1. Taking GLU208, is it surrounded by fewer than 19 Cβ atoms within 10 Å (Cβ to Cβ) and more than 23 Å from the chain's Cα centre (by Cα)?
2. Filter segment 196-205 down to the residues that are of a type outside the set (Asp, Glu) and either buried (at least 19 other Cβ atoms within 10 Å of the Cβ) or within 23 Å of the chain's Cα centre (by Cα) (or both) and list them by number.
3. From LYS172, LYS142, LYS109, grab the single residue that is more than 24 Å from VAL10 (Cα to Cα), part of a loop (DSSP other than H, G, I, E, B), within 16 Å of the chain's Cα centre (by Cα) and not polar (S, T, N, Q).
4. Can you confirm whether ASN148 is without any contact (Cβ under 8 Å) to a residue 60 or more places away in the chain and either closer than 20 Å to LEU117 by Cα or aromatic (Phe, Trp, Tyr) (or both)?
5. Looking only at helices (runs of 4 or more DSSP H) that fall completely inside segment 1-103, which ones have 2 or more residues that are touching a Leu at 6+ places or on another chain (Cβ under 9 Å) and at pLDDT 95 or above?
6. When the residues of segment 16-61 are filtered to those that are small (Gly, Ala, Ser) and buried (at least 18 other Cβ atoms within 10 Å of the Cβ), which remaining residue is nearest to GLY93 (Cα to Cα)?
7. Using beta carbons and a limit of 6 Å, which pairs, at least six apart or on different chains, have the first residue in segment 207-229 and at negative phi and of a type in the set (D, E, K, R) and the second one exposed (fewer than 13 other Cβ atoms within 10 Å of the Cβ) and modelled with pLDDT of 95 or more?
8. Out of VAL132, VAL192, VAL220, which single residue is under 24 Å from LYS42 (Cα atoms) and β-branched (Val, Ile, Thr)?
Amino acid sequence: MPSYTTEHYVFTYKEGTLAAKDIRKVSKIQEKCFARICSTLKVDFTEKINYFFLDSAEEVGKLYGINEPINGFAIWGENKIYAVYNDKIKCIGPHEDAHLISFVINNPKSNFIVEGLAMYFDEKWWGLDNDVWASYYKANNKDLSISNLLNNEEFDNLNCEITYPIAGSFVKYLINRFGVDKFIQLYQITEVPDSNDFKKIFHYTIQELESLFYQEISNVNYDLQEIKLLLEQ
């Protein structure tokens, strides 16, 4: 298959596809994402990232090893990203790149922390700010607990349309309030962080941070009808 190389990427795609047509535009988007992620996390990523664009989520899912459609995934250690690029789904942007680049710092075991950082760079889920979704889901699920979501079993038991934007919103809160250096300290903890870890880094327990976070996003305004329409799609 043909490929297109830039300073930090090698993009591989099928001849005659939409990805082939848009590859120069896509490469500029990804280079901007790369620069933003590295600058924010204060890391140097010296190896090229290899992007493989496929026609469908089913193809990507098979490569991932499951019989379900997925839009994209990254392989740490090989610096590879497999992603859908077609008329309806364009799996580009910072998410998968953030996974690869952040692994220079560490590979945390908490999916909430890992996906939260990627979603922090995405900023949005289905076109709406992560804060909007976090506010909506909390308002409709009083028992939604971040301290529980830190554990992979709890995180994986909920749909990603709930867990991903909440994680992104919480990471945004931590970075905006305490600074990226403090968040990087959290990211450097390999095991699932406990309340003592949060207390040591942020001077608040996870329960206190959760309360402060939900208090802040409770003031986020959103169009309930717009959210319902998106959820029905």
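The values are calculated or read from the model by the stated rules, or taken from the named source; none is laboratory data. What you are looking at is a predicted structure, and each value in this text was computed from that prediction instead of being measured. With ideal geometry, Cβ positions are generated from the backbone for all residues, glycine too; neighbour counts draw on all protein chains shown.
1. Working: surrounded by fewer than 19 Cβ atoms within 10 Å (Cβ to Cβ): yes; more than 23 Å from the chain's Cα centre (by Cα): yes.
Yes; evaluated as a whole, the condition is true for this residue.
2. In the first step, residues of segment 196-205 are kept if they are of a type outside the set (Asp, Glu); the result is 196, 198-205.
Hits for segment 196-205 are PHE198, ILE201, PHE202.
3. Values: LYS172 fails: part of a loop (DSSP other than H, G, I, E, B); LYS142 fails: within 16 Å of the chain's Cα centre (by Cα).
Criteria check complete, one pass: LYS109.
4. Numbers: without any contact (Cβ under 8 Å) to a residue 60 or more places away in the chain: yes; either closer than 20 Å to LEU117 by Cα or aromatic (Phe, Trp, Tyr) (or both): yes.
Yes: the conditions hold for ASN148.
5. On the way: elements: 18-41, 57-64, 95-102.
Helices (runs of 4 or more DSSP H) meeting the threshold: 18-41, 95-102.
6. Within segment 16-61, the first condition is being small (Gly, Ala, Ser), and the residues that meet it are 16, 19-20, 27, 35, 39, 56-57, 61.
If we keep only those that are buried (at least 18 other Cβ atoms within 10 Å of the Cβ) as well, we get 19, 27, 57, 61.
Working: ALA19: 14, SER27: 10, ALA57: 16, GLY61: 19 Å.
Checking each candidate, the answer is SER27.
7. Qualifying pairs under 6 Å: none.
8. Working: VAL132 fails: under 24 Å from LYS42 (Cα atoms); VAL220 fails: under 24 Å from LYS42 (Cα atoms).
Going through VAL132, VAL192, VAL220 in turn, the sole match is VAL192.
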